[in-house]
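**Q** Here it is, the structure, as structure tokens.
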Amino acid sequence: MNENMETTATIHLEEKSFFDKLMTVARQANQYESYIVLESNSKTVNGKSILGLSSFLKPSEFVTLRAIGTDSKQAVQGIKQLFVNQGK
């Protein structure tokens, strides 16, 4: 079954290791087939592009993580987990 799904989550971008975190997000996002974007205010950036992520997102923002595709649930859970573990 090739059913596309959309999954979203809200994450917080902390200042600590901000650029390193964005590189990790891009690497993780590229492991999934789903189309992955991060949205904040009126900005939408490709979650698989380190240039897009670093150009448009700022530390201390809350962003919506959105994935559309057959593995969207796994993509959102995997990327969101990067932010859940950031204080450890």
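The values are calculated or read from the model by the stated rules, or taken from the named source; none is laboratory data. From a predicted model like this one, the values you see are computed outputs, not experimental measurements. In this analysis, Cβ positions are derived from the backbone assuming ideal geometry, glycine residues included, and neighbour counts consider all displayed protein chains. The protein model used for the area step is the full one, side chains on, heavy atoms only, and it has no ligands, DNA or RNA in it. Shrake-Rupley method; radii C 1.70, N 1.55, O 1.52, S 1.80 Å.
**Q** Mind checking region 14-69 for trypsin sites (Lys or Arg not before Pro) that DSSP puts in a loop (not H, G, I, E or B) and that have at most 10 other Cβ atoms within 10 Å?
**A** Passing sites in region 14-69 are K16.
**Q** Over the chain, what relative contact order in percent results from Cα pairs under 8 Å that are six or more residues apart?
**A** On the way: 148 pairs, mean separation 38.5, N = 88.
Value for the chain: 44 percent.
**Q** Mind ranking D71, D20 by accessible surface for me, highest first, 1.4 Å probe? Could you put the intermediate results ahead of the total?
**A** On the way: D71 30, D20 95 Å².
From most accessible down to least: D20, D71.
**Q** Mind checking region 18-88 for GluC sites (Glu not before Pro) that DSSP puts in a loop (not H, G, I, E or B) and that have at most 13 other Cβ atoms within 10 Å?
**A** Values: sites: E33, E39, E61; in loops: E33, E61.
The qualifying sites are E33.
**Q** What whole-number value in cubic angstrom gives the convex hull volume per residue for the C-alpha atoms of the chain?
**A** On the way: hull volume 7.0 nm³, N = 88.
Enclosed volume per residue, from the Cα hull, is 79 Å³.
**Q** In µm²/s, what is D for region 22-69 at 37 °C and 0.692 mPa s, where D = kT/(6 pi eta Rh) by Stokes-Einstein and Rh is the Kirkwood radius from Cα pairs?
**A** Numbers: Rh = 10.6 Å.
For the chosen part, D equals 309 µm²/s.
**Q** Moving to a separate point now. Helix 18-29 against the longest principal axis of the chain: what's the angle in degrees, Cα atoms only, rounded to the nearest 10?
**A** Between helix and principal axis, roughly 10 degrees.
**Q** If you roll a 1.4 Å probe over the heavy atoms of the protein chains, what accessible area per residue do you get for the chain, in Å²?
**A** Working: 5320 Å² over 88 residues.
Value for the chain: 61 Å² per residue.
**Q** Hey, another quick one. With the dipole of the chain worked out from charges on the C-beta (+1 for Lys and Arg, -1 for Asp and Glu) around the Cα centre, which of S17, N30, N4 lies farthest toward the positive end?
**A** Farthest towards the positive end: S17.
**Q** Taking a cut-off of 15 Å between Cα atoms, list the aspartates and glutamates near K48, but don't count ones fewer than 8 places away on the same chain.
**A** D20, E33, E39, D71
**Q** Let me ask something additional. With label points built 7 Å along Cα→Cβ from the Cα atoms of T44 and A9, find their separation and express it in nm.
**A** Result: 2.1 nm between the two label points.
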